[in-house]
Amino acid sequence: KAGVTQTPRYLIKTRGQQVTLSCSPISGHRSVSWYQQTPGQGLQFLFEYFSETQRNKGNFPGRFSGRQFSNSRSEMNVSTLELGDSALYLCASSLAPPAQETQYFGPGTRLLVL
Amino acid sequence: ELKVEQNPLFLSMQEGKNYTIYCNYSTTSDRLYWYRQDPGKSLESLFVLLSNGAVKQEGRLMASLDTKARLSTLHITAAVHDLSATYFCAATLVGGSQGNLIFGKGTKLSVKP
């Protein structure tokens, strides 16, 4: 069974630009969560989608948004990029919401903002 | 608010030695997870602990959960170099059909010959 895939794997952007990251969950998984990992803040929850509905959102500014499609694929968008948005963005999928099922993580997208 | 604390944050071990990583969480949690992350890689699920007294073992790693003490431990037996990685514990909130993982800061383990 294929794992969680994320594209692109690496990205370099400049301040003020916007970026869209994509995540394809494990086949059959309907819950997708996004996390940001930085050396300073560690792993922080961004948002979680289940059956195309955002069910939970972390403490991030409105510049961070996401969506989930009917095939469970998910995208997250960051607008007006700031230097502090440089991070590894991890997508995780599970059969059911994370409180009920183990999440499996993708390889991540490493974003560098210059 | 659920908070998860791990200690130590850095651990340098010699091969063949035993050690324990501790994970404390602040409020009642549904589930406790342990993940491993190799440098530049994603997170690999190691264990999920669901109930008080749960113990799971895989190779040289053993995880346990004490919900009354709000404590989980990851015990490493006879460490080998291949275990060098960062280990994260994570908890989820009770009672939610949603939930998300709250992670500890991670323990960077270095096993030296």
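Comparing chain A with the 2.2 N^0.38 Å rule of thumb, its C-alpha radius of gyration ratio is 0.99 (two decimals).
DSSP finds beta bridges in the protein assembly as shown, and of those with both partners inside it, around 90 percent are antiparallel.
Residues whose amide H lies under 5 Å from that of residue B:106, counting only those 5 or more places away or on a different chain, are B:6, B:89; hydrogens are built 1.01 Å from N in the peptide plane.
Residues whose amide H lies under 5 Å from that of residue A:86, counting only those 5 or more places away or on a different chain, are A:113; hydrogens are built 1.01 Å from N in the peptide plane. In a reduced charge model with +1 at each Lys and Arg Cβ and -1 at each Asp and Glu Cβ, chain A shows a dipole moment near 160 debye about its Cα centre. Our coupling estimate for region A:90-95, obtained by passing each phi through the Karplus curve with A = 6.51, B = -1.76, C = 1.60 and θ = phi - 60°, is 10, 10, 9, 10, 8, 5 Hz, Gly and Pro reported as x. By the rule of a second cysteine Cβ within less than 4.7 angstrom, the protein assembly as shown holds no isolated cysteines.
Between chains A and B, what is the buried accessible area summed over both chains (1.4 Å probe, protein heavy atoms, nearest 100 Å²)? The contact between B and A buries close to 1800 Å². Annotation: per residue accessible area for region A:1-53 equals 50 Å², rounded to a whole number [probe 1.4 Å, protein chains only]. In this simple spin-label approximation, residue B:110 and residue A:67 carry label points 7 Å from Cα along the Cα→Cβ vector, and these lie 4.6 nm apart. Over all orientations, the protein assembly as shown has a Cα convex hull whose mean projected area works out to 12.2 square nanometres. In a simple Cβ point-charge model (Lys, Arg +1; Asp, Glu -1; nothing else charged), the protein assembly as shown has a dipole of about 200 debye relative to its Cα centre.
When a 1.4 Å probe is rolled over the protein heavy atoms, the share of accessible surface on the protein assembly as shown that falls to carbon and sulfur comes to 49 percent. Only Lys, Arg, Asp and Glu carry charge here, each on its Cβ (+1 for the first two, -1 for the last two); on that basis chain B has a dipole of about 140 debye about its Cα centre. Assuming R0 = 35 Å, can you tell me the calculated FRET efficiency for the pair residue B:24 and residue B:60, based on Cβ-Cβ distance, to the nearest 0.05? Step by step, r from the Cβ atoms, then E = 0.95. Per residue, the accessible area of chain B comes to 50 Å², computed with a 1.4 Å probe over protein heavy atoms only. Backbone geometry of region A:60-71 corresponds, through the Karplus equation with coefficients 6.51, -1.76 and 1.60 at θ = phi - 60°, to 3J(HN,Hα) couplings of 10, x, x, 5, 9, 9, x, 7, 10, 9, 5, 8 Hz, x marking Gly and Pro. The H on the amide N of residue A:56, modeled in the peptide plane, is under 5 Å from the matching H of A:48, each at least 5 residues off or on a different chain.
Within the listed set A:61, A:97, A:25, the Gaussian network model of chain A (springs between alpha-carbon atoms below 10 Å) gives the highest mean-square fluctuation for A:61. Across the options B:75, A:29, B:42, the greatest Cα extent toward the positive end of the charge dipole of the protein assembly as shown (unit charges at beta carbon of Lys, Arg, Asp, Glu) belongs to B:42. Of all beta bridges that DSSP places with both ends in chain B, some 90 percent have antiparallel geometry.
Annotation: per residue accessible area for region A:65-114 equals 37 Å², rounded to a whole number [probe 1.4 Å, protein chains only].
The values are calculated or read from the model by the stated rules, or taken from the named source; none is laboratory data. All values reported here derive from a predicted model rather than from experimental measurement. Methodologically, a virtual Cβ is constructed for each residue, glycine included, from the backbone with ideal geometry; neighbour enumeration extends over all protein chains shown. Keep in mind that these areas ignore ligands, DNA and RNA; they rest on the heavy atoms of the full protein, side chains included. Shrake-Rupley method; radii C 1.70, N 1.55, O 1.52, S 1.80 Å.
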